[in-house]
Amino acid sequence: MQHLDAAEVRERFQRFFEERGHTRVPSAPIVARDDPTLLFTNSGMVQFKRVLTGEERREYSRAVDAQLCLRVAGKHNDFEEVGRTPRHQTLFEMLGNWSFGDYFKADAIHWAWQFLTGELGIPGDRIAATVYTDDDEAHRIWSEEIGLPPERLVRWGNIAQGDEKNFWRMGDTGPCGPCSELHYDRGAHLSEGPHCIPDHSEHCPRWLEVWNLVFMEFDRAADGSLTPLPFKSVDTGMGLERITSVVQGVDSNYGTDLFVPIIERLAERIGHDPEAVESERFSYQVVADHSRAMTFLLAEDVTPSNEGPGYVLRRIMRRAVRHGRLLGITEPFLRETCAVVVERMGEAYPHLGERREAILTAVEAEEEKFARTLEAGSTRLDELVAAGGTIAGADAFRLHDTFGFPIDLTIEMAAERGVSVDRAGFEAAMAEQRERSRGEKRGGLRLDPDVAALRSEFIGYPNETSADDLRVLAVVPGTPTAVVLDRTPFYAEGGGQIGDRGALVGADGRLEVTDTQRVGDAIVHLGELSGTLAVGDPVRGEVDPGRRWAAARNHTGTHLLHRALRDVLGEQAKQAGSWVGPEALRFDFPAQAATPRDALREVERIVNHQIRRDAPVHPEFMPMEQAQALGADMFFGEKYLPESVRVVQVDGYSKELCGGTHVASTGQIGQFVILGEASVGAGLRRIEAVTGEGATELVQTRLEALRSAAQLLGEREEHVPQRIEALLGRLREAEKAAKAPRSAASRLDAAAALHGAREAGGARVVIEAYPDADANALRGLADDLRGMTGRFVLVASGAADGRPSLLVAASRDLAAEGFDSAAVVREAAASIGGGGGGRPDLAQAGGRDVAKLDEALREAGRLALEALQRIESS
């Protein structure tokens, strides 16, 4: 077995699959900004989810990548295990090869075996495989084609009985399928008994799972039934840290060159010898792991904070600081360990080097900030431990709020002293603080109890926007000034709808109303006062009619959206909160996953259908009992009086209890457009939308942007997405090529190739050997020819660094007429002892016998010319 460093393993993996027609795809960001269901990218498949479900198409059907993943939140959370075991990390790299409706089980299994035993030199008798219980095809490939003996080939899993071993699913519903895991045998001397078998490797040190091959071939329904997908895919994942531990012959991921340089730098700083390092292994491993995670998060412009990704970063950094203290370090040190991460990983991830100083500065600042409170917080924690019993949630919250101790750090430190923490009580205190914060954000309105006890009558129904002879009951000076009237057409914020704006006009003064709130039974107008208003003064109330009508359109639109959501997603999609303003509307509802785009389009279609119906909208006051009998919906966070509630009915469609302002008929809404849907918390989704003029302006703006893009691209408007996707693919390839070491043959001369082309079958045919070219250069030549000429076929070979590479490409019109580059390259590649594939318009192969590359080139040229003749004669 070869001893390779991690960088070489990563590169060999991606190059191996590139030689087999895969496109190298860069790692997606760690922060999952494009996936509202996740905080962080936690597996290799995240950036390909929409491709696997068929919602998105890409230029390639085969991909290979090394994806940075972070598992510190949600279902996949390894945070508590980091440092304690040899195999858990917060940050890790997932090596993966992918097929989207292209190859399937046979190629995936054969290539996995070839890579492990050939490229890495792992002895075949040290590899075992598991397959799903009834996956006879995978079992046959392993046993008959690969030749695994029965004792190293195991069947596991029965999803019908709840045993999901060797069966993978994206979620409760959606794409899924059997999988085959590859395990490395670390030696019989590590066996702990008969239970120590592949697939139980997490509990036995003998077997180490290194690779999982997932064969997605079914669509899982809510009832658990499985139906075949329209196309089958392959999704594989191999942890770089684990496979590196195998090829480097160490028993822990922390013993690889991904972690050892960090640990050595830390030991040098402290003055520890190897024996001392081993005795403090837990803390060393925590610091090494967390240094990697914080470095990459900071490189993505995540900053330490008290919410979202920033809070996770803060937890990671502060846990690392605390373990540094356990090692005896009292001065800032994370700058040094993070600098090692940049040095070691900067070649594979250049953005680390580009942001080096910003990363190290941010690390130092956060460490110094926490150091100021760590000692005092530790002292307070010692006092709580000494008091005996469980640490109360309120005390844990004070450690968090006052001393900056993340709850998991408190729990860890308490556990070291044999004390537990009331986690539920802490969460309750946190929730109470968030509620207080929300109240403060609403303006922090405080009124004298006598003023709050006043009673105002709202006279703004159905949509009255002005009234005379309103009497001032109270004036509270300040910024803003608060005025209470006996009657008012101003709607006070409530039911999700924001308060009205406008003006109160008296004989001696004017209040420019910027907000309207309800305190008790008093409706309070807030704003800037010019002149004077006194108690008893008559005033005229003038509500801004444009804002009022826009809010009314959005509020009725919210009712239609709510009913449509429940029609499409089910009755569980009930309102859990809303915000209605003149500019837009927001609607929150419970859901564990993102709403599919097709479902959102259907909701939007239903709402606009109800708008076109121009259905009457009937607001009516009635007793609660009558409203319940009517089947009216009642919602989150609202308080209702049993004697009288207001029911708003959209004729023939929806019925809701609501005190807001509404249009007279749905046709007055004009149009409804969904802006987006996203997560706003665990199990909670939010839809944002616009109506009326806002919707019209949005559509016009987007159409104009589409027209402009189409003109710039020289494409029809409906083809713009595909064109942009193609250009982005070319840009990624160009950027990758620009960063790669440049050889003399890194850009081949397409014009010279065309000059020497022959004519056959109405196409220009280039058959040429480029001894110094690699696979990337050959692909670049194919791209250049595609942009320079019409019907063409390219058959080319290269042997950079002694690695034979063969490429066949054709113009897309020839591919549509039946020319198959993949078939040509597969047959010709046998000459060089390799294999390959691709699409009808582009295919590549690699091999091992460079001496026979010219023979393979001649064979590929002959096959290509024969294919052209068949097309011409057909």
Open item on the list: Under 7 Å between Cβ atoms, which residue pairs at least 6 apart in sequence (or on different chains) link something in region 1-16 that is closer than 17 Å to N776 by Cβ with a partner that is of a type in the set (V, I, T) and crowded, with 19+ Cβ neighbours inside 10 Å?
Closed with: Q14/V64
Task: Qualifying position, being part of a strand (DSSP E or B), at pLDDT 85 or above and either surrounded by fewer than 16 Cβ atoms within 10 Å (Cβ to Cβ) or more than 45 Å from the chain's Cα centre (by Cα) (or both), among L454, L473 - done: L473
TODO: Considering every residue within region 604-618, establish whether at least one is outside any helix (DSSP H, G or I) and among the small types (G, A, S).
DONE: yes
Open item on the list: Tell me yes or no: at least one residue of region 235-254 is over 30 Å from L116 (Cβ atoms) and either of a type in the set (D, E) or out of contact with any Cys (no Cβ under 7 Å at 6 or more places or on another chain) (or both).
Closed with: no
Open item on the list: Report every pair of residues separated by at least 6 positions or lying on different chains whose Cβ atoms are under 7 Å apart, first residue within region 578-597 and more than 11 Å from E677 (Cβ to Cβ), second basic (K, R) and assigned to a strand (DSSP E or B).
Closed with: S578/R586; W579/R586
Task: strands (runs of 3 or more DSSP E) contained in region 482-583 and holding at least 3 residues touching a His at 6+ places or on another chain (Cβ under 7 Å) - done: 509-519
Task: Residue under evaluation L511, criteria (1) at pLDDT 95 or above; (2) among the aliphatic types (A, V, I, L, M); (3) open to solvent by 10 Å² or more (accessible area, probe 1.4 Å); (4) within 22 Å of T479 (Cβ to Cβ), criterion not met - done: (3)
Task: Failed item, numbered, when P804 is tested on (1) out of contact with any Leu (no Cβ under 6 Å at 6 or more places or on another chain); (2) modelled with pLDDT under 95 - done: (1)
- [ ] Identify the residue in region 197-216 that is at pLDDT below 90 and of a type in the set (D, E, K, R) and, among all such residues, is most open to solvent (accessible area, probe 1.4 Å).
- [x] E202
TODO: Please indicate, with yes or no, whether at least one residue in region 482-489 is surrounded by 18 or more Cβ atoms within 10 Å (Cβ to Cβ), at pLDDT 95 or above, touching a Leu at 6+ places or on another chain (Cβ under 9 Å) and not β-branched (V, I, T).
DONE: yes
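Any idea how many residues of region 530-540 are in contact with a Lys or Arg (Cβ under 9 Å, 6 or more places away or on another chain) and surrounded by fewer than 20 Cβ atoms within 10 Å (Cβ to Cβ)? Reasoning before the result, please.
So in region 530-540, the residues in contact with a Lys or Arg (Cβ under 9 Å, 6 or more places away or on another chain) come out as 530-531, 533, 535-539.
Subsequent filtering for residues that are surrounded by fewer than 20 Cβ atoms within 10 Å (Cβ to Cβ) retains 530-531, 535-538.
Going through region 530-540 one residue at a time, the tally reaches 6.
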Open item on the list: Checking Q626 against (1) in contact with an Asp or Glu (Cβ under 8 Å, 6 or more places away or on another chain); (2) surrounded by fewer than 17 Cβ atoms within 10 Å (Cβ to Cβ), only one condition comes out false. Which one?
Closed with: (1)
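How many residues does region 118-142 contain that are assigned to a helix (DSSP H, G or I) and either over 12 Å from S180 (Cβ atoms) or open to solvent by 30 Å² or more (accessible area, probe 1.4 Å) (or both)?
Filtering region 118-142 for residues assigned to a helix (DSSP H, G or I) gives 118-119, 124-126, 136-142.
Cutting the leftovers down to either over 12 Å from S180 (Cβ atoms) or open to solvent by 30 Å² or more (accessible area, probe 1.4 Å) (or both) gives us 118-119, 124-126, 136-137, 139-140.
Matching residues across region 118-142 total 9.
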Task: Listing of strands (runs of 3 or more DSSP E) fully contained in region 749-812 that carry 1 or more residues being open to solvent by less than 10 Å² (accessible area, probe 1.4 Å) - done: 763-770, 792-798, 805-810
TODO: Out of the residues in region 331-387 that are of a type in the set (D, E, K, R) and in a loop (DSSP other than H, G, I, E, B), state the one that is nearest to D401 (Cα to Cα).
DONE: E331
Task: Hey, G101 open to solvent by 40 Å² or more (accessible area, probe 1.4 Å) and not hydrophobic (A, V, I, L, M, F, W, C) or not - done: yes
- [ ] Go through V260, V277, V247, V234 for me and flag whichever is open to solvent by less than 50 Å² (accessible area, probe 1.4 Å) and touching a Gly at 6+ places or on another chain (Cβ under 9 Å).
- [x] V247
Open item on the list: Can you tell me which condition V419 does not meet? The list is (1) of a type outside the set (G, A, S); (2) modelled with pLDDT under 85; (3) part of a loop (DSSP other than H, G, I, E, B), and all the others hold.
Closed with: (2)
Open item on the list: Where the second residue is open to solvent by 10 Å² or more (accessible area, probe 1.4 Å) and not in a helix (DSSP H, G or I) and the first is free of Cβ contacts under 8 Å to residues at least 12 places away in the same chain and among the acidic types (D, E) and lies in region 286-305, which pairs have Cβ atoms under 9 Å and are six or more apart or on separate chains?
Closed with: D301/V31; D301/R355
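Any idea which of R71, R50 is in contact with a Ser or Thr (Cβ under 7 Å, 6 or more places away or on another chain) and open to solvent by 10 Å² or more (accessible area, probe 1.4 Å)? Lay out the reasoning, then the answer.
Working: R50 fails: in contact with a Ser or Thr (Cβ under 7 Å, 6 or more places away or on another chain).
Result of the check over R71, R50: R71.
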Task: Residues being more than 20 Å from R318 (Cα to Cα) and open to solvent by 30 Å² or more (accessible area, probe 1.4 Å) - total across region 421-435 - done: 8
Open item on the list: Cβ-Cβ under 9 Å, sequence separation 6+ or interchain: first residue in region 759-784 and farther than 26 Å from L731 by Cα and touching a residue at least 24 places away in the same chain (Cβ under 8 Å), partner among the β-branched types (V, I, T) and open to solvent by 20 Å² or more (accessible area, probe 1.4 Å). Which pairs?
Closed with: G761/I871; G762/I871; A763/I871; R764/T789
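What number of residues within region 143-170 are assigned to a loop (DSSP other than H, G, I, E, B), surrounded by 13 or more Cβ atoms within 10 Å (Cβ to Cβ) and not acidic (D, E)?
Filtering region 143-170 down to residues assigned to a loop (DSSP other than H, G, I, E, B) leaves 147-149, 157, 162, 164-166, 170.
Now drop any that are not surrounded by 13 or more Cβ atoms within 10 Å (Cβ to Cβ), which leaves 148, 157, 164-166, 170.
Remaining after also requiring not acidic (D, E): 148, 157, 165-166, 170.
Within region 143-170, residues that are assigned to a loop (DSSP other than H, G, I, E, B), surrounded by 13 or more Cβ atoms within 10 Å (Cβ to Cβ) and not acidic (D, E) number 5.
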- [ ] Considering only region 385-411, state which residues are open to solvent by 20 Å² or more (accessible area, probe 1.4 Å) and farther than 24 Å from K369 by Cα.
- [x] V385, A386, A387, G388, G389, T390, A392
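Does T227 satisfy the criteria of being outside any helix (DSSP H, G or I), under 22 Å from A339 (Cβ atoms), modelled with pLDDT under 95 and open to solvent by 40 Å² or more (accessible area, probe 1.4 Å)? Before you say what the answer is, go through the steps one by one.
Numbers: outside any helix (DSSP H, G or I): yes; under 22 Å from A339 (Cβ atoms): no; modelled with pLDDT under 95: yes; open to solvent by 40 Å² or more (accessible area, probe 1.4 Å): yes.
Against the criterion (outside any helix (DSSP H, G or I), under 22 Å from A339 (Cβ atoms), modelled with pLDDT under 95 and open to solvent by 40 Å² or more (accessible area, probe 1.4 Å)), T227 does not qualify.
Looking at A709, A705, can you tell me which residue is more than 18 Å from A564 (Cα to Cα) and surrounded by 15 or more Cβ atoms within 10 Å (Cβ to Cβ)?
Numbers: A705 fails: surrounded by 15 or more Cβ atoms within 10 Å (Cβ to Cβ).
Checking each option against the conditions leaves just A709.
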Open item on the list: I'm told D185 meets every condition in (1) among the acidic types (D, E); (2) modelled with pLDDT under 80; (3) open to solvent by less than 50 Å² (accessible area, probe 1.4 Å) except one. Can you identify the failing condition by its number?
Closed with: (2)
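The values are calculated or read from the model by the stated rules, or taken from the named source; none is laboratory data. Here the structure is a predicted model, which is why all the values come from computation and not from measurement. Neighbour counts run over all protein chains shown; Cβ positions are idealised from the backbone, glycine included. Please note that ligands, DNA and RNA were not included when accessible areas were found on the heavy atoms of the full protein model with its side chains. Shrake-Rupley method; radii C 1.70, N 1.55, O 1.52, S 1.80 Å.
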